[in-house]
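Readers should treat all values here as calculations from the given coordinates under stated rules, not as data from a laboratory. Quick caveat, the model's predicted, so the values are computed rather than measured. All Cβ positions, even for glycine, are placed from backbone atoms using ideal geometry, and neighbour counts span all protein chains on display.
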Amino acid sequence: MPLDAELARLDATLAHDLLRFGPELLLCLGIVGSLFAKLFRAATRVQLVPFALLLTLVALGLVASDAQDSAVFGGLLRLDSFANFFRVFLLLTAALVLALTRLTGLPDATDSADFVTLLLGGTLGMMLMASANHLIMVFLAIEMASLPSYVLAGFLKGKGRSSEAALKYVVYGAAASGVMLYGISLLVGQLGTAYLPSAAESLGAAFRSGGFSLSLTAGLLFLFVGLGFKLAVLPFQFWLPDVFEGAAAEVGAMLAVASKAAAVGLTLRLLFVLFQHVPIPAVTETVSAALAGVAVLTATLGNVAALVQTNLKRLLAYSTIAHAGYMLMAIACIQRPAAAAVLFYLAGYLPMTLGAFAVVAVLRSLTGSEEIDAARGLLKRSPVLGVCTAVFLFSLLGVPPLAGFAGKFQVFTAVYRTGAFHAAGGHPWLGTLFNVVLAAGVVNTVVSAGYYLKVLKAVALDDPTDETPLGEGVAVRLYLLLLTAAVVVVGVWWDPLTDLTWRAAVGLG
Amino acid sequence: MTELGLTHFLILSAFLFACGLLCIATKRNAVGILMGVELVLNAANINFVAFTRYLPGFRIEGQVFAVLVIVLAAAEAAVALAIILNFYNNRGTVDVDQANDLKG
């Protein structure tokens, strides 16, 4: 009986699999714990964020000490070096966002249990997104990451704008995930399996036996619609600015960094695994060309729309759309060196974006405003905050020697090399295409100077409307200085991180 | 009278999917949009269950998928209804065209 043999095999590896799944189980413990804490009256007055922070750091330590590479739970998840890179990244982001919420006082003691539950739940879903190895896990992980995000967007009590942000997010998000599920159902039926490596073999066989059928093409298209929505690339970017403007800046930081990183991880995994058996010149390059086009349009739209914004959160929202465009330029190459460049870009993106959102959150908690005018004369009112803001903005723009420059340099180099590779490999039009993408990337960077420097001018040159010192706490300064240091270190000292991203990219597919 | 085959179920699910998308695109009431999403999810479920019946080697997986999707649809509806209620408490309407404070 093959079923018995299969069950015995699953049983034998269960203890080992659960051990490797330990970090995720710790997060589950935190979620259940904070749900139960609501039952006891004494516990409702306790601030739970520090406990969650501790738990996240322990989980981070567990992942960092994990160097194995294997599929667990009968192949549903794949915990390899690629997945581990994202698990570390996501836990680190969750820890930093939790620390930020303590500094800005977003959830008060009565709400902290709910906030912790949602944040840890979302992080758990994102970690599953990065390690999913089965189409149904892909869908479940996306939903696990999305549902808490919808609620977090509406977390500001009694604020009409926050509830509007949550409404828009949930309506668009539910529609996108429904379409994605329908695509997955078509794919599963056509390929006869949902296990990604076998699905890739069926896909290769289907292609060799005379091209893709209509339902296979539709299934793939719908799957990428869902991913495009999570990544917020054109034409599925419309929800992001509204959600970011309505939600609290801390939540915006979580969505901008963690949610986007998880979507990038899942997209890379699906592209590399699903198309590995499809002959290169045909489908892979159609996909490359389509993705490259989407990447250029996304970056351009993000940068042009950001030029006219006056609200800091909305400006940063368009800036994250533009950065997703830059990352998609390298994702479109579908080559391992380019994937490593994307991972490096993400590592630099984490401190600079989180830092920019943290500055907005601090400004809101101290001045009550999130407009650019609130940042006027920040350098005079609080030199530490002003200098940190300037570093984050220069890094987002891509000025050397900061993290943003290092990331952009690696991404653009990867795009250039891909173009040269295709030109030498007998596909001159693809070579030209990637050179156009490279040029578009450089032009976009120049355009983005328009709005980053606008904020910088307000921070450094404009006279403050209110001359009094901002009076932020020492902890806030230390937090921002830590992120600033990370931005500088990633920008100056590339080698260790480059090694790490290479090893992660090799584990891919 | 021909035997019912996989194709018939796929056509049914495609029809349901189209109805769901149309509902999402045209309804202005947030609860109505949610109903459209449920139609789309159930269209996918019909696919899964039909594949279970007609594809050998997919006997158990399809049914497990269907059960998971049913649970997930319930969770999603719960979250979405809570958010819609929160919006209603702030605005006194569930018309998505009235959600126009955020733009630019």
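So, restricting to helices (runs of 4 or more DSSP H) that lie completely within region A:148-234, which ones have at least 1 residues that are out of contact with any Phe, Trp or Tyr (no Cβ under 9 Å at 6 or more places or on another chain), of a type in the set (D, E, K, R) and under 25 Å from A:ALA71 (Cα atoms)?
Ranges flagged: A:196-208.
Considering only region A:274-320, state which residues are hydrophobic (A, V, I, L, M, F, W, C) and over 19 Å from A:LEU231 (Cα atoms).
A:PHE275, A:VAL278, A:ILE280, A:ALA282, A:VAL283, A:LEU307, A:VAL308, A:LEU312
I'd like the residue in region A:196-234 that is over 17 Å from A:LEU270 (Cα atoms) and within 14 Å of chain B (Cβ to nearest Cβ) and, out of all such residues, is surrounded by the fewest Cβ atoms within 10 Å (Cβ to Cβ).
Ranking the candidates gives A:LEU214 first.
The conditions are (1) without any contact (Cβ under 8 Å) to a residue 60 or more places away in the chain; (2) under 18 Å from the mean Cα position of the chain (by Cα), and A:VAL308 fails exactly one of them. Which is it?
(2)
Considering only residues that are out of contact with any Ser or Thr (no Cβ under 7 Å at 6 or more places or on another chain), touching a residue at least 40 places away in the same chain (Cβ under 8 Å), facing chain A (nearest Cβ under 9 Å) and assigned to a helix (DSSP H, G or I), which ones fall in region B:78-104?
Within region B:78-104, B:ALA80, B:ILE84, B:VAL96 qualify.
Is it true that some residue in region B:62-69 is at the interface with another protein chain (Cβ under 9 Å from one of its Cβ atoms), more than 15 Å from A:TYR172 (Cα to Cα), of a type in the set (Phe, Trp, Tyr) and surrounded by 14 or more Cβ atoms within 10 Å (Cβ to Cβ)?
yes
When region A:163-195 is examined, which residues are found to be more than 7 Å from every other protein chain (Cβ to nearest Cβ) and of a type outside the set (A, V, I, L, M)?
Residues satisfying the conditions are A:TYR169, A:TYR172, A:GLY173, A:SER177, A:GLY183, A:GLN190, A:THR193, A:TYR195.
Filtering region B:49-61 down to residues that are within 21 Å of A:LEU140 (Cβ to Cβ) and in a loop (DSSP other than H, G, I, E, B), which residue is nearest to the other protein chains (Cβ to nearest Cβ)?
B:PHE58
Mind checking which residues of region B:24-48 are more than 10 Å from chain A (Cβ to nearest Cβ) and in a helix (DSSP H, G or I)?
B:THR26, B:VAL31, B:GLY32, B:MET35, listed by residue number.
Results for (1) surrounded by 22 or more Cβ atoms within 10 Å (Cβ to Cβ); (2) within 20 Å of A:ALA475 (Cα to Cα), shown as yes or no for each residue.
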position: A:LEU315; (1), (2): yes, no
position: A:ILE334; (1), (2): no, no
position: A:PHE344; (1), (2): yes, no
position: A:VAL360; (1), (2): yes, yes
position: A:ASP373; (1), (2): no, no
position: A:GLY386; (1), (2): no, yes
position: A:PRO400; (1), (2): no, no
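Taking region A:31-77 as the region of interest, how many residues are among the charged types (D, E, K, R), more than 25 Å from A:VAL138 (Cβ to Cβ) and surrounded by 14 or more Cβ atoms within 10 Å (Cβ to Cβ)?
Step one: of region A:31-77, the residues among the charged types (D, E, K, R) are A:38, A:41, A:45, A:66, A:69.
Checking which are more than 25 Å from A:VAL138 (Cβ to Cβ) leaves us with A:38, A:41, A:45.
Among the residues that remain, those that are also surrounded by 14 or more Cβ atoms within 10 Å (Cβ to Cβ) are: A:38.
Going through region A:31-77 one residue at a time, the tally reaches 1.
Considering only region B:3-20, how many residues are hydroxyl-bearing (Ser, Thr, Tyr) and surrounded by fewer than 14 Cβ atoms within 10 Å (Cβ to Cβ)?
1
For the condition under 30 Å from A:ALA375 (Cα atoms), in contact with a Phe, Trp or Tyr (Cβ under 9 Å, 6 or more places away or on another chain) and not aromatic (Phe, Trp, Tyr), what is the one hit in A:GLY441, A:GLY419?
On inspection, the qualifying residue turns out to be A:GLY441.
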